[in-house]
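Only the coordinates and a few stated rules stand behind these numbers; no lab work does. All values derive from a computational prediction rather than experimental measurement. As a convention, Cβ positions derive from the backbone with ideal geometry for all residues, glycine included, and neighbour counts pool all protein chains shown.
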Amino acid sequence: MKYLFLNSFSFEKPKNRLLESDILNVLQNLGILLKNIQKFNSELIFHDALSVFTYNGLNIRYYLQKLDRDLMILLLSKIQKQTPFCSNIYDEYQNEEDIVMGNCKVKNTQIDVLENFLSCAIYLNAPIITSRILCDNKELSNKEIEIQCDNETYLLNNYFLEDADVIINNIEENIKLTSTNWEEWRKESLPFNIQEHYYIRSETSLGRGSDNDIVINDKYVSYNHLRIIEEDGIYYIEDLNSANGTLLNGEYISDAIELKDKDLIDVGRIQFLFVDEEVYDD
C-alpha cells in the first residue's frame, strides 16, 4: 500500500457546529497517522484544501499552533509541500500529468471524479482516508466509496482517520499479500533513509559523513555538503564546496544566503522545505 489519499472534501465542506477541540482532534490524528506510516514507506497524499482550510474564520495555522510541537512541524512541512498530481504513465508522481476519468461520479451524489484525488485512487487502487468528525457526506462516510462510470463501477476502501490502528493493520496486511511488488518498489525507491523533517539548531551541518547533524547517505551528497547557521533569529545557508552543489529555489548558491519561510533546498536527490516557525507564532 504505497499511497493513501486524504479525503479533501471533508476539509472543503466540513460539518457545521464543530468545536475547536474537534478540529484539533482531527489534526492530531492526522499527524499521528503520518508518523506511523513512515516506517512502511507509505505516503498520505494531501490536497491543497488542507493548506487553505478555515473554520469559524480561523485558518489551519491557528489550529496547528495548538498542537504539540513535533506534530505541528510535521503537518506544516507536509501541507506546504507541493505534490504533483498522479501520473497516467506510471504509478509515480510526475509534473504536468494527471488522470482524467470520463463521466464518473460518487454514487448517489453529484461529486465528479474528474481531476481530483478519487481519480488517482481509482487508477492506483489506493484507499481513501476520511475523518468521521469532519465528513458531512453519507456516501463518503461508508467503509467503501462507490464510483459509478458509464461502463464500469469502482469500489475504493475508505478508512477512517480516527481508527489509526485499523489503517496500520491494513497497511501491514497489504505488504504481506503483495510482498513481491512491495520489494520491487522498495528497490526502486531511495537507497537510504530520510526523516520527514529535521530541526535546525544554531548551527546545523548536513552531509554524507557521520559527523554531520543531518546525515544523508546519498552518493550525490558530499561528505560535508552544507551548513545552516542562525544569527539573531535569521537563518543562513552555505554550501561547503560540495561536488554537486546546493540549490536554493532552483538556483545554485556559492556564498552564505538568508533563508526565508517556504524556501526549497535541493541536495543530491532530496528536496527540503524550510519552515520558519516564528512566521506562525502569534
Response to the item:
Nearest-0.05 FRET efficiency for Asn193 and Glu230 at R0 = 22 Å, using Cβ-Cβ distance, is 0.25
Item to complete: Calculate one ³J(HN,Hα) per residue across segment 103-114 by plugging θ = phi - 60° into the Karplus curve 6.51 cos²θ - 1.76 cosθ + 1.60, and present them in order as whole Hz with x for glycine and proline.
Response: 6, 10, 9, 5, 3, 6, 9, 9, 6, 7, 7, 3
Worksheet entry | Other-chain or far-sequence residues with amide H under 5 Å of Leu247's (modelled H) | Asp266
Practice prompt. Evaluate the distance, in nm, between pseudo-label points positioned 7 Å from the Cα of Glu12 and of Asn36 along their respective Cα→Cβ axes.
Written response: 2.7 nm
Discussion item. Please compare each pair in Lys66/Lys138; Lys35/Lys78; Lys15/Lys105 to a cut-off of 18 Å on the Cα-Cα distance and tell me which ones are over it.
Written reply: Lys66/Lys138; Lys15/Lys105
